[in-house]
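Any read-out appearing in this document is the output of simple, stated calculations on the displayed coordinates, not a laboratory observation. Keep in mind that this is a model prediction, so the values were computed, not measured. With ideal geometry, Cβ positions are generated from the backbone for all residues, glycine too; neighbour counts draw on all protein chains shown.
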Amino acid sequence: MARYTGPKSKIARKFGEPIYGPDKVLDRKNFPPGFHGHSSLRKKKSEYGEQLKEKQKAKYTYGVLERQFANLFAKASSSKGITGEELLKMLESRLDNVVYRFGIARTRAAARQLVSHKHITVNGNVVNIPSYQVRPGDIVGVREKSKSLEIITTSLAARTSTRYSWLEWDAAELRGKFLNRPEREEIPEKIREQLIVELYSK
């Protein structure tokens, strides 16, 4: 499937959560989109339906396509840790997500675009692969000639006080250090990863 580029509020309403950030539409219409939106709230979803919904939520949240997600799950399954937690750690370690967490971009989609357009460096080298897995100790920064880009300066100006324990940001140099992969309890996304594991285990 192609990457979703439609109304983000529609997806947020589908899951009943602001997965793309604060959403005024979701505040007004806290029910699924479509003609049967209200009535669908009363329907009990099957076990498979709940599992599939959770996988879709994770994919939309991190902006990952089906094949990419399946590949990440396969890697998580073969790792030594707990599969669901390892999957989320890998998603958090994607370069586009790290750029977003640092506040260089206001959304993951914007972060993905910055990476693709060669505005981001890792350890001083330009990396234009959004799915690149950032490793502990890596330095992620803004390319020198891109530091004055409005999309970046605006995002950094609006950067909140939220800090993540696995990241260390240097505002003067516009770069940050990826200290370590986050533990599950540190990841703020409301994703029930065990349901995803159960889905793939069928």
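Some values worked out for this structure:
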{"read-out": "Test item: Cα-centred dipole of the stretch 95-180, Lys/Arg +1 and Asp/Glu -1 on Cβ, debye", "value": "160"}
{"read-out": "Separation in nanometres of the label points that stand 7 Å from Cα toward Cβ, at ALA172 and THR154", "value": "2.9"}
{"read-out": "Derived scalar couplings ³J(HN,Hα) [the stretch 189-202; Karplus, 6.51 cos²θ - 1.76 cosθ + 1.60; whole Hz; x for Gly, Pro]", "value": "5, 8, 10, 8, 4, 5, 5, 5, 4, 5, 4, 6, 8, 5"}
{"read-out": "The stretch 174-179 - phi-based ³J(HN,Hα) in whole Hz, Karplus 6.51/-1.76/1.60, Gly and Pro as x", "value": "6, 8, x, 10, 8, 5"}
{"read-out": "Neighbour cut-off at most 14 other Cβ (10 Å), DSSP loop, trypsin sites (Lys or Arg not before Pro), the stretch 52-88", "value": "LYS80"}
{"read-out": "Pairwise label distance in nanometres, VAL126 with ARG192, each label 7 Å out on the Cα-Cβ vector", "value": "4.5"}
